[in-house]
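To start, the structure itself, in structure tokens.
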Amino acid sequence: MKKNILEVRELKREFLVGSQVVRALKGVSFSVQPGEFVTIMGSSGSGKSTMLNILGCLDKPTEGDYLLDGVNVKELSRNELAQLRNRKIGFVFQAYNLLPRTSALENVELPLLYNADVNTRERREKAMHALELVKLADRFDHTPAQLSGGQQQRVAIARALVNEPVMILADEATGNLDTRTSYEIMSLVQELNQKEKKTIVFVTHEPDIAAFSSRTIMLRDGKIQKDTANENVRSAKEALESLPVSDDY
Amino acid sequence: MQLFNLIRIALKALQRNKLRAFLTMLGIIIGVGAVITMMSIGEGSKQSIQSSLSSMGSNMITIMPYNNMPMPGGARMSSSSVQSLTEDDVNKIRTNVADVSAVSPGVSSSGQAIKGANNWPTQMQGVAPSYLDIRKLSLKDGVNFTDDQVRKSAKVCLIGQTVVTNLFPGGENPIGQVIRFGKIPFQVIGVLNPKGQNTFGQDQDDIIIAPYTTVQKRILATTYLHTIYASAVSESRSDAATEEITQLLRENHRLRPTEEDDFTVRTQAELISTMSSTSTMMTTLLTAVAGISLVIGGIGIMNIMYVSVTERTREIGLRMSIGARGSDILLQFLIEAIMISITGGIIGVIIGISASLIVSSALHWPTVISESAIGLSFVVCALTGVFFGYYPAQKAARLDPIDALRYE
């Protein structure tokens, strides 16, 4: 049996809103193995965002354990969590969150600036390599304002890849994009999953997107409603080709 | 290495908003520039006062009669009519006070100097030959009178440039000529080098110097002295010399401990410090005003940094999510603030120096750019950056990455 990248055991998270205790997660358990492409789905209020924050080491569970690459997050300090995010997780956000007026290359370099082990030359090389993986190497000196939404998201994905994380954590990464562009992004994500063997956890509420993954975890009211392996994974590349050719392109 | 990266990050963040960074800097630039200009003008005027006073002899000690006791009938007397200083005092000071290098009696008389058809109202100083050393006077031409001439009450004199110009308008050589002061003829044996006006606007060249015995016997018909001039061995010993002189004169005048001094001893150093304190006060005042503008500049930095933190909340969230620690964020914003203030400080120093140079060349005010002023304002503005940058930076560092990422 392969070592788990993610292991979540009886995870509970409670918030205190005023005098009321809101239980966002009520005991969730699952594990993710290397090379998996998991989508976490659920409507709003299902505990999806809370789950994402905990998986991204931005938040700690109230009860239960979360092991990322064998490390129990519960025992870590704020600074150790920051280092864990820096070395093991690549974030992709719905709103891209690129630094304005900063070149694509410098945006991609950003995580490495917080890693004292990487020197200037290595940093540049790694960032260039990551841009090559998302097929934007020729746009390395463009600022976000000079890139389309899809290209900006690809820069963001390159930024998530640059520190060679054990897992890429995407939060509604296609939420701001049209169908064609989101299929393009999904085809890139699939490619990274299949060719580069990256473990991907994709949080979304679109069933359409979930069809591209190998496994779907459905959350509802803070519990896992369904955890199903996807038998026939849809190829984003084929889906892209089947789209009617628009005059806009 | 990590710090180097943070400096790089801060620098890039500032580059993204150059105009804003510059405008924020402007407060510091003006503040530092004003402080340096004010301090250099102040220092310049202080030094010019000091140099003009010490040209009168910075070691000089002046002893004058003084009597605070009213005469019977209640009238108080002017110091010149108090007859408490004598030649004996002078001799005692010369032999007993170790910290005094030269001493001279002084009597003076106003009168009309006459040479042929020309006349000129002036002052005659009756002194000993050492007076020239005490007052740092020098001869342009001729010789000083001797102790022998003093003993004989010789009718010889040295004259200042103003007197020369007025009595010898034709430009003939005054040496050897005989002029009259009142009714007494004096032979001119020397001409003094011009000294110009002193700090109080008095013409120091409008003077005739003669042996004190001559003035006492032939003009004033008195045995008392108006003044005693002395010179301390060094400026730093002048306070000690004052002390010794006071002690000696009290003994010599047989004053009981309960009695007040019947003389006053003033040092030039005292005068310098009095004059300087006026200009120091002025400088302090101006610098304080300039310092206020520096503080306002600092508040400007704080204001902009707060705005910047709020505006860049999502950026902070992103940085935290990709592995920046709270301390990294804190340092980044602190470095940004310090960079603004230090860059502003450097530009301010350059502007301050240029402004001082312009003031001294255009307005002919003396200015002295002191390293301490530059160093001080530089340190102050770096501290301003730290002080006013810390709170916004701390605010940024304490953000919760989850909230920061969702911030609209």
List the residues of the range B:313-357 whose accessible area drops by at least 40 Å² when all protein chains are present, compared with their chain alone, using a 1.4 Å probe and counting only protein heavy atoms. B:ARG314, B:LEU318, B:ARG319, B:SER321, B:ILE322, B:GLY323, B:ARG325
Chain A, accessible area per residue, ligands and nucleic acids excluded (1.4 Å, Å²): 46
Shielding of A:101-113 by other chains, given as the mean Cβ count within 10 Å, works out to 3
Solvent-accessible area, 1.4 Å probe, carbon plus sulfur percent, for chain B: 60
Please give the average number of partner chain Cβ atoms lying within 10 Å of the Cβ of each residue in A:46-57, rounded to a whole number. 1
List, in order, the whole-Hz ³J(HN,Hα) value for each residue of the range A:139-155 obtained from phi through the Karplus relation with A = 6.51, B = -1.76, C = 1.60 and θ = phi - 60°; use x for Gly and Pro. 10, 4, 9, 7, 8, x, 5, 8, 10, 6, x, x, 5, 4, 5, 5, 4
Residues with beta-carbon under 15 Å from that of B:VAL97, excluding B:VAL97: net charge, scoring Lys, Arg +1 and Asp, Glu -1? -3
In square angstrom to the nearest 100, the accessible surface buried at the B/A interface, both sides summed with a 1.4 Å probe, amounts to 2600
Scattering profile of the range A:90-143 from the Debye formula, Cα beads only, expressed as log10 I(q)/I(0) at q = 0.24 Å⁻¹, is -1.02
To the nearest 0.05, what FRET efficiency results for B:LYS136 and B:GLU251 with a Förster distance of 30 Å applied to their C-beta separation? 0.50
Count the net charge of all other residues whose Cβ sits under 15 Å from the Cβ of B:GLY111, scoring Lys and Arg as +1 and Asp and Glu as -1. +4
Taking only Cα atoms, what is the 0 to 90° angle, nearest 10, from helix B:268-311's long axis to the longest principal axis of chain B? 10
Using only DSSP helix segments of four residues or longer, with each worth -39500 (n - 2.57), what per-residue ellipticity at 222 nm results for the protein assembly as shown after dividing by its residue count and rounding to 500? -15000 deg cm²/dmol
What are the ³J(HN,Hα) couplings of the range B:135-145, residue after residue, when phi is run through the Karplus curve with 6.51, -1.76, 1.60 and θ = phi - 60°? Round to Hz, x for glycine and proline. 8, 6, 9, 9, 9, 7, 7, x, 10, 6, 6
Amide H contacts under 5 Å for B:VAL156, restricted to residues at least 5 apart in sequence or on another chain and with H modeled in the peptide plane, are B:GLN187
When the Karplus curve 6.51 cos²θ - 1.76 cosθ + 1.60 is applied with θ = phi - 60°, which whole-Hz ³J(HN,Hα) does each residue of the range B:398-408 get, with x for Gly and Pro? 8, 4, 8, x, 5, 5, 4, 5, 8, 5, 9
Amide H neighbours of B:LEU139 under 5 Å, at least 5 residues apart or on other chains, H built in the peptide plane: list them. B:ASN193
Work out the FRET efficiency for A:SER77 and B:ASN303 from their Cβ-Cβ distance, taking R0 = 41 Å, and round it to the nearest 0.05. 0.80
Just to be sure I understand the model, the point goes 7 Å from the Cα along the line to the Cβ. What's the resulting A:HIS142 to B:ILE114 distance in nm? 10.7
Keeping every protein chain in place, order B:ARG151, A:ARG87, A:ARG124, A:ARG159 by accessible area at 1.4 Å, biggest value first, i.e. largest first. B:ARG151, A:ARG124, A:ARG87, A:ARG159
What's the local net charge at B:ILE322, with K and R +1, D and E -1, over the other residues with C-beta under 12 Å away? +3
Highest GNM mean-square fluctuation among B:THR287, B:THR165, B:THR214, for chain B with Cα springs under 10 Å, belongs to B:THR165
How would chain A be classified by its alpha-carbon gyration tensor: rounded, prolate or oblate, with rounded meaning a/c under 1.5 and the a/b versus b/c comparison settling the rest? oblate
Whole-number accessible area per residue in Å² for the range B:100-236, which is evaluated in the context of all protein chains at 1.4 Å: 44
Mean Cβ count within 10 Å, highest first, over the residues of peptides A:132-138, B:291-297, A:102-108, A:230-236: A:102-108, B:291-297, A:132-138, A:230-236
Among the listed pairs A:LYS3/A:LYS126; A:LYS74/A:LYS135; A:LYS48/A:LYS195; A:LYS126/A:LYS237; A:LYS48/B:LYS395, give every one whose C-alpha distance is greater than 30 Å. A:LYS74/A:LYS135
Ratio of the Cα radius of gyration of the range B:100-236 to 2.2 N^0.38 Å, where N counts its residues: 1.00
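The values are calculated or read from the model by the stated rules, or taken from the named source; none is laboratory data. All figures in this text were calculated on a predicted structure; none of them were measured in a lab. With ideal geometry, Cβ positions are generated from the backbone for all residues, glycine too; neighbour counts draw on all protein chains shown. Areas reflect the complete protein model, heavy atoms only, side chains present, ligands, DNA and RNA absent. Shrake-Rupley method; radii C 1.70, N 1.55, O 1.52, S 1.80 Å.
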